[in-house]
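Reading through the structure tokens given below for one structure.
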Amino acid sequence: MEKCPAAGRCGGCQFQGVPYEDQLAKKQKDMEALLGGICPVLPIIGMKEPQGYRNKVHHAFGLDRKGRIITGSYEEDSHRIVPSDSCMLEDPVSRDIIAGIRDLAASFRFSVYDEDRGTGLLRHVLIRRGFKSGQIMVVLVTGTPVFPSRNNFVKALVKAHPGITTVIQNVNSKRTGMVLGDRSQTLYGPGFITDEICGLRFRISAGSFYQVNPVQTEILYRTAVEYAGLTGNETVIDAYCGTGTIGLCAAEGARRLIGVELSAGAVRDAVSNARHNGVGNAKFFKDDAGRFMAAMAERGEKCDVLFMDPPRSGSTEEFIRSAARLAPSRIVYISCGPETLARDLRSFVKKGYKVQKAQPVDMFPFTGHTEVIAKLSRKDIN
């Protein structure tokens, strides 16, 4: 396999030049070393086509030594931009659009944001593409709300790339490492895209969490629903629910679905996703999931199945205590941080749960990351 010209500089890939079968073997060995003392670890599920899988592509703007506009990824542990138009992981359509934006920005003589001075217009560009819907969102992150010639720029961009279905300006004027700011305005189209997972359509906004590998996401979610063992009579909680993707995929097999999420915007999207998919047995709440479950336990309410998909930092002891107090029969833990998963699983074991198995899924080929689904059940019912 041809090696990426940016290999070793951008920090995006840890397995450049390594045959894919060898990558999977290495990840399997790592997961067994990490989780094998807790539960059986099933063979990792890899991809048939492990390239071009990222449906979300982010580039930063910068200038080269000749003052020309460049776009690319940050070099590892720095804010030095590594230009790249040929990333093997990024969606090729999105890459082409970014190249077109860069060329148009040069022709419009737009300035590029200077991190040291806190001045300039263009900071980042974010492309999100629905692999099944074909819809494409372009998010232009600017350092100021003043966007000169923006209407003409957007018109030229859509003419050059007619597949674009919406364009958004996001304003981030703060000196921060965060990509997106708090203010957005739609410049073209509806301001969101939709895509399909497991037969359901989901609305995706600029800041929505949505898995970047749609092919493996279907495998991940179908496995999670299978582990839930739903019969149609269960009350299910989807903690850290985001826009409701996992819970809504499971709702058909449950009596009642409750989604809990701290982000108000994500909850709005989850409610919208339920409505547009005709899911009538789901309710979503803006709250801390641990606090929400503790309140349910105090009221004497029951939960049969708990889905949890926390951030890479894992869950918290407070959350785990609340979950154990609510005492669902089964817990399906979806983790993007296997190290913190191992820590949390040990905490659940101390609180009366057995970890039945763990299924690694290779969501991020050519990188060192592995997603894992763990199935837990209460010891007193097995």
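Distance between Cα centroids, segment 167-239 to segment 262-284: provide it in whole Å. If you average the Cα positions of each part, the centres end up 11 Å apart. Restricting the trypsin sites (Lys or Arg not before Pro) of segment 262-346 to loop positions (DSSP other than H, G, I, E, B) with no more than 16 neighbouring Cβ atoms within 10 Å leaves Arg299, Lys302, Arg312. At 37 °C and a viscosity of 0.692 mPa s, what translational diffusion coefficient does Stokes-Einstein give for segment 56-190, taking Rh as the Kirkwood radius over Cα pairs? Give it in µm²/s as a whole number. My calculation gives 219 µm²/s for D. Note: the chain, Cα convex hull, 141 Å³ per residue.
Restriction of the trypsin sites (Lys or Arg not before Pro) in segment 136-239 to DSSP coil positions whose beta-carbon has at most 13 other beta-carbons within 10 angstrom yields Lys174, Arg175. Between amide H atoms placed 1.01 Å from N, distances below 5 Å from Glu371 occur with Val361, Met363, Phe364, all of them 5 or more places distant or on a separate chain.
With respect to the chain, whose longest principal axis is taken over its alpha-carbon atoms, helix 92-107 is tilted by about 30°.
Taking every DSSP helix (H) stretch of at least 4 residues in the chain, weighting each as -39,500 (n - 2.57) and dividing the sum by the residue count yields a mean residue ellipticity at 222 nm of -9000 deg cm²/dmol. As a proxy for reagent exposure, ranking Asp380, Asp309 by other Cβ atoms within 10 Å from fewest up yields Asp380, Asp309. Would you work out which of Thr243, Gln356, Val171 lies farthest towards the positive end of the dipole of the chain, given +1 charges on the beta-carbon of Lys and Arg and -1 on that of Asp and Glu, about the Cα centre? Of Thr243, Gln356, Val171, it is Val171.
Ordered by the count of other Cβ atoms within 10 Å of each Cβ, fewest first, Ile381, Ile373 give Ile381, Ile373. Under 26 Å of direct C-alpha separation, and excluding same-chain neighbours fewer than eight residues apart, Lys159 reaches these lysines: Lys56, Lys132. Were the residues from Thr231 through His79 laid out at 0.36 nm apart, the gain over their Cα-Cα distance would be 49.7 nm. Projected label points at Gln356 and Ala160, each 7 Å from Cα along the beta carbon direction, are separated by 5.4 nanometres. Gain on full extension, evaluated as 0.36 nm per residue between Arg299 and Val146 minus their Cα-Cα distance, stands at 49.9 nm. Counted by neighbouring Cβ atoms within 10 Å, the residues Val82, Val93 run from fewest to most as Val93, Val82.
Only beta bridges with both residues in the chain are counted; by DSSP, about 60 percent of them are antiparallel. Quick note on segment 167-251: its Rg to Rh ratio, both from C-alpha atoms and Rh being the Kirkwood radius, is 1.07. According to the square roots a ≥ b ≥ c of the eigenvalues of the Cα gyration tensor, what is the shape class of segment 264-364, taking rounded for a/c under 1.5, prolate for a/b larger than b/c otherwise, and oblate for the remainder? Oblate is the answer for segment 264-364, as a/c is 1.5 or above yet b/c matches or exceeds a/b. Have a look at Thr119, Leu63, Phe147 and report the one farthest towards the positive end of the charge dipole of segment 56-190, computed about the Cα centre with Cβ charges (Lys/Arg +1, Asp/Glu -1). Positive-most Cα among the choices belongs to Phe147.
Compared with the direct C-alpha span, the chain from Arg321 to Asp182 gains 46.7 nm at full extension, assuming 0.36 nm per residue.
Each reported figure results from applying straightforward, stated rules to the coordinates on display, with no laboratory input. This is a predicted model, so every value here is computed, not measured. All Cβ positions, glycine included, derive from the backbone under ideal geometry; neighbour counts span all protein chains shown.
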